[in-house]
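Each remark here refers to the structure printed beneath this line.
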Amino acid sequence: MDVFVNQVECKKILSFSGVCIQCQIMPERYSDKMVANLLPSPLNIDMATWVSKRKAEYVAGRYLAKQALNYLDARYDIVKTGKNREPIWPQGFVGSISHTGTTVICAVSSVNDHQRIGLDIERIMAKKTVLELHDIVLVSQEYPLVRRDYQLDVATFTAIFSAKESLYKALYPEVKRYFDFLDAMVTQMDLQQGRFSIQLLQTLTPELKANLVFKGQVFINQNHIITSIID
């Protein structure tokens with residue numbers, strides 16, 4: 001294994017029939033020379049100006065995707081990048097990639113098992129960060145969820161943020177455009193039971209109408225929150 005990627009391990013997601021893999025990275029050890037050993041194709045020329053940390057995250061994410069596709073016996077393991085930097089999965093497969101800090105995670109499935117996958121990982125945010133972001137992330141009905149005994153619940157806020165990221169990743173292949181944090185509302189967030197519900201507030205496509213509700217899973221892993229929406 002190249003020295004900037006380590007601790008590669010499979011993760012379990014309840015009722016998920018695909019493969020989920022997580023790894024740790026050391027961006028300071030990354031070099032473009034390592035790409036040929038990890039990916040089936042070189043970096044895109046547009047990525048030449050990226051800083052090493054961003055390249056390390058991208059390469060590790062695509063490496064995990066390749067491993068997952070190989071495990072699922074995919075004919076092709078190249079995950080291309082779309083115009084908005086979204087992963088383009090080989091025909092017959094669906095997946096999601098996320099990273100935060102030094103942790104990268106990827107979930108992939110056959111479309112015969114799942115039609116949508118949204119996966120996100122976030123480091124639990126500091127109170128200062130929550131105060132900076134709350135008005136662009138939360139709709140008014142969500143504020144009671146992040147207050148506990150008059151204290152700001154940073155873990156729940158991070159989970160709501162992550163749930164909305166998972167929703168975006170799950171739906172983007174159908175919507176094919178950006179939609180906002182405020183276009184959806186978390187109606188339930190139960191960190192102890194590991195589940196949440198999130199409702200669309202805007203109609204995104206003729207099939208994805210306002211008030212449509214999605215169920216998801218949420219996990220606390222040390223100082224990280226992982227959310228997933230899988231249909």
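The values are calculated or read from the model by the stated rules, or taken from the named source; none is laboratory data. All of these numbers come straight from a predicted model, not from anything done at the bench. Backbone-built Cβ (ideal geometry, glycine too); neighbour counts: all protein chains shown. We work out accessible area using only protein heavy atoms, side chains counted, and drop any ligands, DNA or RNA first. Shrake-Rupley method; radii C 1.70, N 1.55, O 1.52, S 1.80 Å.
Among the residues of region 205-214, what is the count of those that are part of a loop (DSSP other than H, G, I, E, B) and open to solvent by 60 Å² or more (accessible area, probe 1.4 Å)? Write out each step before concluding.
Of region 205-214, the ones part of a loop (DSSP other than H, G, I, E, B) are 205-212.
Checking the rest, the ones that are also open to solvent by 60 Å² or more (accessible area, probe 1.4 Å) come to 206-207, 209, 211-212.
Of the residues in that region, 5 qualify.
Which members of region 14-42 meet the condition of being part of a loop (DSSP other than H, G, I, E, B) and surrounded by fewer than 18 Cβ atoms within 10 Å (Cβ to Cβ)?
Leu14, Ser15, Ser17, Met26, Ser31, Pro40, Ser41, Pro42
Might you let me know whether region 47-57 holds any residue that is in contact with a strand residue (DSSP E or B) (Cβ under 8 Å, 6 or more places away or on another chain), surrounded by fewer than 21 Cβ atoms within 10 Å (Cβ to Cβ) and not aromatic (Phe, Trp, Tyr)?
no
Confirm whether Tyr76 is out of contact with any Gly (no Cβ under 9 Å at 6 or more places or on another chain) and open to solvent by 90 Å² or more (accessible area, probe 1.4 Å).
yes
Looking at (1) closer than 16 Å to Gly118 by Cα; (2) of a type in the set (A, V, I, L, M, F, W, C); (3) touching a helix residue (DSSP H, G or I) at 6+ places or on another chain (Cβ under 7 Å), which one does Val137 not meet, given that it meets all the others?
Failed condition: (1).
I'm told Val111 meets every condition in (1) open to solvent by 20 Å² or more (accessible area, probe 1.4 Å); (2) under 20 Å from Lys11 (Cα atoms); (3) touching a residue at least 24 places away in the same chain (Cβ under 8 Å) except one. Can you identify the failing condition by its number?
(3)
Pairs under 8 Å by beta carbon, first residue in contact (Cβ under 8 Å) with a residue 12 or more places away in the chain and aromatic (Phe, Trp, Tyr) in region 179-200, partner part of a loop (DSSP other than H, G, I, E, B) and open to solvent by less than 40 Å² (accessible area, probe 1.4 Å), six or more apart or different chains?
Final answer for the pair search is Phe179/Leu204; Phe181/Leu138.
So which of Gln202, Gln188, Gln192, Gln217 ends up being under 25 Å from Ser17 (Cα atoms), assigned to a loop (DSSP other than H, G, I, E, B) and open to solvent by 10 Å² or more (accessible area, probe 1.4 Å)?
Just a single option satisfies the conditions, and that option is Gln192.
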